[in-house]
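Accompanying notes for the structure given below.
The values are calculated or read from the model by the stated rules, or taken from the named source; none is laboratory data. What you see is a predicted model, and the numbers here were worked out from it, not measured in a lab. With ideal geometry, Cβ positions are generated from the backbone for all residues, glycine too; neighbour counts draw on all protein chains shown. The accessibility values were calculated without ligands, DNA or RNA, using every heavy atom of the protein model including side chains. Shrake-Rupley method; radii C 1.70, N 1.55, O 1.52, S 1.80 Å.
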Amino acid sequence: QGENLLYCFEVAPTQPALTQVTQCRTEGSTRGLGAVPRLALDVMACEVLRVLQLTDTALVPVSYLVPRKSVQEFHEDLFPDCTGMLPATDAQGWWAGDSQQVGRVSLHPARRPTETFTSPIIAGTVPTNSGHTDTDTGHTDADQTSGYSSPSSLASPGSAATSLSASTGPSSGFASSPSQKSLQSILGPSSRFRHAQGRVLHRDLHLTNLRGLSLTTPGESDGFCANLQRVALPLLSAGGQIAVLELSKPGRLPDVAVPTIQNGAAVADLTWDPFDPRRLAVAGEDAKIRLWRIPEGGLQETLQEPEAVLQGHTEKIYSIRFHPTASDLLVSSSYDMTVRIWELSAGREVLCLQGHTDQIFSMAWSPDGKKLATVSKDGRIRLYEPRRSSQPQQEGPGPEGGRGARLVWVCGGDYLLVSGFDSRSERRILLYRAQALPEGPLSVLGLDVAPSTLLPFYDEDTSVVFLTGKGDTRVFLYEVTPEPPYFLECNSFTSNEPHKGFVFLPKTACEVREVEFA
């Protein structure tokens with residue numbers, strides 16, 4: 001009493017015995033509370049609980065609805081039969097040992113007995129003759145003596161919206177069914193990581209005063225790259241310059257020019273060697289891949305001579321990826337519609353993968369390093385085993401839209417998650433079984449309409465995938481599971497200004513004492 005918060009808990013006989021479902025802030029402070037009997041609930045709107053709150057000046061109904069796709073039909077799982085209005089025995093009978101229970105009645109509007117809860121205060125309930133019970137299910141009176149109507153607000157029977165207005169009730173209030181079903185069986189499974197919070201770290205850790213960044217890297221590239229020690233950023237200036245900044249020296253950069261790598265050709269994609277934090281591979285628009293070695297302690301002067309140059313592609317390169325388990329292995333895809341695998345120790349191409357008929361949007365090594373998956377503008381996903389054949393081992397249908405796509409291996413390398421577009425330019429994510437690409441996607445989830453391709457990053461420890469596009473402010477989080485419903489939504493993160501690029505650091509950068517996982 002005197003508070004303006006209303007908590008809703010689910011009670012279970014097992015631990016945890018109490019789980020908070022929702023809390024609702026009310027306008028006035030509470031002087032008294034009462035629950036409306038179940039027979040008066042608007043079952044067709046999936047209302048599972050209604051509380052009347054007494055304030056200093058008003059009686060306010062607070063309604064709890066369970067979100068359901070269909071509100072046309074009666075949901076048996078939410079509304080089991082409830083106790084009726086007729087006594088099971090009288091006083092003398094009880095003293096004599098009669099322990100009969102009150103008969104149960106259905107909450108289904110069509111199967112309601114005419115004897116029902118009535119009140120002159122609550123609109124929509126019509127008093128009926130209490131001695132008469134009509135259990136003929138095929139017949140409901142036109143004047144609604146069946147007691148089913150929407151007693152939605154105390155003041156005006158017509159305004160059905162008031163019980164769910166933002167002021168009186170939780171806009172997405174769920175409530176658990178009073179039957180023995182758990183909340184999970186009503187709402188479907190929810191992710192253990194749904195409360196993950198994205199947090200921008202303190203400004204002292206930011207690198208600021210970045211100047212002359214190139215924001216026009218191709219859609220197949222992440223735009224920049226980072227490892228535990230440093231970050232590489234393509235610059236706008238001529239000759240494909242790349243700034244290399246030390247993460248150990250955060251703060252404001254000087255106004256004078258910083259030392260750079262002179263790549264000699266515009267940058268198409270760039271990536272750090274996962275096993276050598278000082279080696280940077282850069283794919284140029286001149287169809288060459290250059291390998292650069294950063295001196296200990298970072299760039300002190302402009303680098304002009306690469307450690308090695310890889311030639312073989314006949315047209316501009318889309319993207320490059322290092323092998324996850326073997327050193328000195330790099331894969332590249334190009335406008336010449338080939339995917340080539342390079343051995344860096346020898347500085348030569350060792351295999352050219354065939355089979356693409358159009359632009360290659362994305363490629364990804366499986367976590368065990370055995371397979372390589374690609375997604376292409378021709379609407380196909382291809383899976384290669386490079387040690388066995390240069391032709392695809394299997395193919396399957398990819399996203400319909402030709403605006404761009406990305407793929408990432410999930411669930412221990414047994415599944416492929418593809419982000420792309422449908423034919424109406426809606427962004428969507430698709431999940432495939434890696435062993436059964438021709439069968440098509442197991443699940444497709446539409447997210448929103450936006451022009452940029454969603455870049456997926458997968459955290460294999462929690463099985464959470466992070467998705468965002470260049471120019472977006474929102475990062476979507478989903479837990480990916482190998483059984484339905486496959487995608488469990490978690491809290492999304494929204495930044496103050498649109499990102500131009502988005503990369504994740506290796507897991508060892510996480511502050512585990514703060515339970516930071518990405």
Exercise for review: Using the charge dipole of segment 383-437 (Lys, Arg: +1 at Cβ; Asp, Glu: -1 at Cβ; taken about the Cα centre), state which of LEU383, GLY420, LEU430 has its Cα farthest towards the positive end.
Suggested key: GLY420
Exercise for review: Just need the relative contact order of segment 194-256 here, percent rounded to a whole number, with Cα pairs under 8 Å and 6+ apart.
Suggested key: 35 percent
**Study point:** Zone of THR302's modelled label, taken as backbone nitrogen in segment 246-270 under 19 Å from a point 7 Å along Cα→Cβ
**Key:** 254-267
Study note, to complete from the structure: By the C-alpha gyration tensor axes a ≥ b ≥ c (rounded if a/c is under 1.5, else prolate when a/b exceeds b/c, else oblate), the shape of segment 365-518 is oblate
Review point. Roughly how many percent of the accessible protein surface of the chain is carbon and sulfur, given a 1.4 Å probe and a whole-percent answer?
Key: 51 percent
Review point. Among the DSSP beta bridges whose two residues both lie in the chain, what percent are antiparallel, rounded to the nearest 5?
Key: 95 percent
Check your understanding: Residue-wise, which Karplus ³J(HN,Hα) couplings in Hz belong to segment 222-238, taking 6.51 cos²θ - 1.76 cosθ + 1.60, θ = phi - 60°, and x for glycine or proline?
Key -> 6, x, 6, 8, 9, 10, 5, 9, 8, 10, 10, 10, x, 10, 6, 4, 4
Practice item. Decide, for segment 230-276, between rounded, prolate and oblate: order the square roots of the alpha carbon gyration tensor eigenvalues as a ≥ b ≥ c, take rounded if a/c falls under 1.5, and otherwise choose prolate if a/b is larger than b/c, else oblate. Key: oblate
Practice item. Would you please give the residues with an amide H less than 5 Å from that of LEU49, counting only those at least 5 places away or on a separate chain, with H modeled from the backbone geometry? Key: TYR64
Review point. HN-Hα J couplings of segment 501-510 from phi, Karplus 6.51/-1.76/1.60, θ = phi - 60°, integer Hz, Gly and Pro as x?
Key: x, 7, 10, 10, 7, x, 4, 5, 7, 6
Check your understanding: So what is the relative contact order of segment 424-464, in percent, for Cα pairs below 8 Å that sit 6 or more residues apart?
Key -> 41 percent
Practice item. Quote the charge dipole size of segment 260-401 about the Cα centre in Debye, to the nearest 20; the model charges only the Cβ of Lys and Arg (+1) and of Asp and Glu (-1). Key: 360 debye
**Study point:** Dipole of segment 1-106 [Lys/Arg +1, Asp/Glu -1 at C-beta], most positive-end residue of LEU39, GLY28, PRO61
**Key:** GLY28
Revision key, fill the gap. Rounded to whole angstrom, the alpha-carbon centroid of segment 430-468 lies from that of segment 202-237 at a distance of 25 Å
Practice item. Once you have a ≥ b ≥ c as the square roots of the Cα gyration tensor eigenvalues for segment 312-419, tell me rounded if a/c is under 1.5, and otherwise prolate or oblate according to whether a/b is larger than b/c. Key: oblate
Exercise for review: Can you tell me the alpha carbon radius of gyration of the chain divided by the globular rule-of-thumb value 2.2 N^0.38 Å?
Suggested key: 1.32
Practice item. Please name which of VAL51, GLN354, PRO87 has its Cα lying farthest along the dipole of the chain towards the positive end, using unit charges on Cβ (Lys, Arg +1; Asp, Glu -1) and the Cα centre as origin. Key: GLN354
Review point. How do 239-251, 362-374 rank on mean C-beta neighbours within 10 Å, highest first?
Key: 362-374, 239-251
Exercise for review: For the chain, report the accessible area per residue in Å² (1.4 Å probe, heavy atoms, rounded to an integer).
Suggested key: 50 Å²
Point to revise | All Cα pairs of segment 38-110, percent lying beyond 20 Å | key: 50 percent
Review point. Separation between the VAL449 and ARG211 pseudo-spin-labels, each 7 Å from Cα along Cα→Cβ, expressed in nm?
Key: 4.2 nm
Review point. What is the pair-distance distribution P(r) of segment 255-304, computed from all Cα-Cα distances in 5 Å bins starting at 0, with each bin given as a whole percent?
Key: 5, 20, 27, 24, 17, 6, 1
